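Enquirer: The structure follows.
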Amino acid sequence: MKKLLFITVCALLLGACGGGGGTSTGNFMGIKGLSYSSPSHSGVTDASGNFQYSSGETMTFSIGGITLGSITTDGDGNVSDMFAYTFPTTEKALRVELSNYNDVTDFDRIINIVEFLMLLDNDNDPYNGIDLTGWNEKLANAKHSFNEPLFGRKSSNLYNFSRRYGYLANTYIDPMQTIKFFYNLLGIELAADAIVSSQTDEGNDASIDSLWTRTYDAEGRLATSTYDNDNDGNNESTSSFKYDDKDNTTLYQYDNDGNSDGVTDSTTTNIYTYLGIQELTRDRKRDDNPADAAFDEHKL
């Protein structure tokens, strides 16, 4: 096992600043165009994600007709979380949340909200800030629930919402991508164990029959995965991966050596392009005879 720095992301961070008494200024994750309302204040967050509040009031945030949640503000400018929930700061605690497939927890609800906001971002790139300008009008009569298991959203609630309102160009984000994005936003780093090799002794004779290995890049992302079926030093398969600065996979290459002679028999290369976090294209090429440098299959 190898210790890796696994930087992930999750949670709704509500930060606030401003003076005590009267009106103060808070900030909602730097999101532009989000509606807010309290007994004394209402409006939409500005280009920096700022909103106005008075100490002790309940502030409700929404987008169109969809309520995200409420917080209670205090006089010192700190804003409490929408959910009375402490986010995992260890690998074990995060794994417990991720393995809870059936029950709906506050972790699920929060990440579902975060994913929803990311999908509404006007330029599909939450890393440069989430801009919701125009969505309050488009979703004025919309309804949406975030109360469902995190890993059930691809074909359920969010997908149905997209079909109903016809607005979301990208109807799904890998939950792990959402979690990583917001953990990074919070500055939380998790040290995690990652498997670097796996050996199989099929005859229980103290000899290794097959070997599977993995390598990782400096960000803890999978770089290569190899499989040596007979442990002869020649890998029957090798997978390679490359990523952009948003952790999107930009290259996936698979090399096959079916007869284990140390010479690659075929190579399949997939090149991906993105707009922010939304996949735009996949360029797939297969070469059944790498020696001839000619592609046998090319699909866009």
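The values are calculated or read from the model by the stated rules, or taken from the named source; none is laboratory data. Just so we're clear, the structure is a prediction, and the values are computed from it rather than from any experiment. Just so you know, the surface numbers come from the protein's heavy atoms only, side chains and all, with ligands and any DNA or RNA stripped out. Shrake-Rupley method; radii C 1.70, N 1.55, O 1.52, S 1.80 Å.
Enquirer: How much length would be gained if the chain were fully extended between Val196 and Tyr252, taking 0.36 nm per residue of separation minus their Cα-Cα distance, in nm to one decimal?
Expert: Result: 18.3 nm gained on full extension.
Enquirer: Moving to a separate point now. Just the number, please: Stokes-Einstein D of the range 125-262 in µm²/s, Kirkwood Rh from C-alpha pairs, 20 °C, 1.002 mPa s.
Expert: Here the translational diffusion coefficient equals 112 µm²/s.
Enquirer: Here is a follow-up. Among Phe87, Phe161, what's the order by accessible area (1.4 angstrom probe), most exposed first?
Expert: Greatest to least solvent exposure: Phe87, Phe161.
Enquirer: Please arrange Ser198, Ser62 by accessible surface area, largest first, computed with a 1.4 Å probe and ligands excluded.
Expert: Ser198, Ser62
Enquirer: OK, next. How much length, in nm to one decimal, is gained on full extension between Ala47 and Thr23, taken as 0.36 nm per residue of separation minus their Cα-Cα distance?
Expert: The Ala47-Thr23 span can extend by a further 6.7 nm.
Enquirer: Determine the principal axes of the Cα atoms in the range 226-283, then give the extent along each, sorted from largest to smallest and rounded to whole angstroms.
Expert: Computed over the range 226-283, the largest-to-smallest principal extents equal 43, 18, 12 Å.
Enquirer: Something else: Work out, step by step, the length gained on full extension between Ser260 and Asn289: first 0.36 nm times the residue separation, then minus their alpha carbon distance; give nm to one decimal.
Expert: Contour length minus the Cα-Cα distance gives 8.9 nm.
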